Each structure stands twice: as structure tokens, then as C-alpha cells.
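Below is one structure, written out as C-alpha cells, with a few remarks after it.
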Amino acid sequence: MALTQEEIQSLNKQFKGIPPEEIISWAISHGNKSVVTTNFRPYEVAILHAVTEVDKTIPVIWCDTGYNTPQTYKHAEELISRLELNIKLYVPKQTSSHRDAVMGIPQIDDPKHAIFTEQVKLEPFRRAMEEHKPDVWFTNLRKGQTALRDSLDVLSLSKDGVLKVSPFYHWSDTQLDAYLQEHGLPNEHKYFDPTKVLANRECGLHT
């Protein structure tokens, strides 16, 4: 799907306040190959539910760092089963046990932190995108999460030219809580991202 920045800006104005399922339906119908990415962090269930309500067959790319909490893994298994997700799992080429022995989890100011992030998140993500070659990428990015994400919108372009679609971009936690309650969906807050450390720090996928 080839859109100019002017077309994206115009569509973003139209999409503000539009129900997520309508945005998702529009994107799927206008694209050639859609995927949704997830790490099963808090509120990810919303985008997974909304997208699969429109298309049950859409590939759900899960790049598992290997450092998730037991609660996150149990939450993931519950959602995979309940929503019948077409899950596509990607993991680092080195096990977390091996990495723990030779590197551990470096602090942000450690030069090895960039290598760590590349190994556990960026390389598996690139591998997934190269294999699936989507032109539409559904995410659960929301305004207020990070400074970078505040500069985006419902529609934005990735650095590789893929159309990122964030149907819940303007939604608050309170609105998402209501969505989850309305649809009887579980949430899980005991989540850990070893590449971010700070909640308002980007992990590298969206920069």
C-alpha cells in the first residue's frame, strides 16, 4: 500500500474517533499482506482481539526475548488458545541461559546493551518481517507512551515503508479497561522488557 505523507495526514484526521474495527477493516482491505506484532504486554489483548475479530487468519508475530515473566507466558498461552491466534513465534538465535552465562542483561549505559537488544529483539523482528513481507503492520502503539510515539498517529510509516496501523492510538488506559471489560478479556501487568528497563524508553522496533 503506497501512501504519501499528505494522504496519511488526511486519513489520520478522518480516523480520529473512528472505531478500531473500522480502521482495521479499511487497512486490511487496502493492503496486500497484513501482520500484527505482539509481546503480550499489558493491554496487548485489545489489538489482538480487535484484529482477529476482523480477520482470524492474520499472522500474529511474537518475538519472544526469552526473558518474559511466568505470568506473561501464561497470559500468552491463554490468549493464543482463546482468540485462536495464528501465532508466528520468533526467538533469538542464542538461548537466554547461554547469554546469561556470557553477558547477562547489560545496563543501558553498558556498551553491550546495544548488542543485547540486537540479539533478543531487533534481529528476530527483522527476520520475521523479512519472511512475511507485510505492507500493513498492526501495532498497539498509543499516544503518551514515549516521546517518539507522541509524534506518530493512527497511521505512520516504518523506516522500511511499511504502513503501521495503531487503531487504539488515541485511547486511554481507562477506555481500554472498558473495552476489555465489555468483551470479557483478561489483562496482565507483570511484564518485563529487558531491553527497555525504563517504561518510557523505546526498545528500537519503532525508531
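Numerical summary
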item: Accessible surface ranking that places the most exposed of His98, His49 first, with a 1.4 angstrom probe; result: His98, His49
item: Area of Thr139 that stays accessible when all protein chains are in place (1.4 Å probe, Å², to 10); result: 0
item: Surface accessible to a 1.4 Å probe, Leu152 within the full protein complex, Å²; result: 40
item: Overall form of the range 106-147 per C-alpha gyration tensor (a/c, 1.5; a/b vs b/c); result: oblate
item: Helix 123-132 axis, angle to the chain major axis (alpha carbon atoms, nearest 10°); result: 40
item: Cα gyration tensor category, rounded, prolate or oblate, for the range 91-130 with a/c compared to 1.5; result: oblate
item: Overall form of the range 34-150 per C-alpha gyration tensor (a/c, 1.5; a/b vs b/c); result: prolate
item: Choice from Leu163, Leu180, Leu155 showing the highest fluctuation, given a GNM over the chain with Cα pairs closer than 10 Å; result: Leu180
item: Volume per residue that the Cα convex hull of the range 112-183 spans, once the total is divided by residue count, Å³; result: 131
item: Rounded to 10°, Cα long-axis angle of helix 20-30 versus longest principal axis of the chain; result: 90
item: Gaussian network model of the chain, springs between alpha carbon atoms under 10 Å - residue of Glu53, Glu22, Glu131 with greatest fluctuation; result: Glu131
item: Probe 1.4 Å - accessible area at Tyr73, Å² to nearest ten; result: 70
item: Fraction of antiparallel bridges per DSSP, the chain only, in percent to nearest 5; result: 20
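The values are calculated or read from the model by the stated rules, or taken from the named source; none is laboratory data. Worth saying up front: this structure is predicted, and the values here are computed from it rather than measured. To get the accessible areas, we keep the full protein, side chains included, count just its heavy atoms, and leave off ligands, DNA and RNA. Shrake-Rupley method; radii C 1.70, N 1.55, O 1.52, S 1.80 Å.
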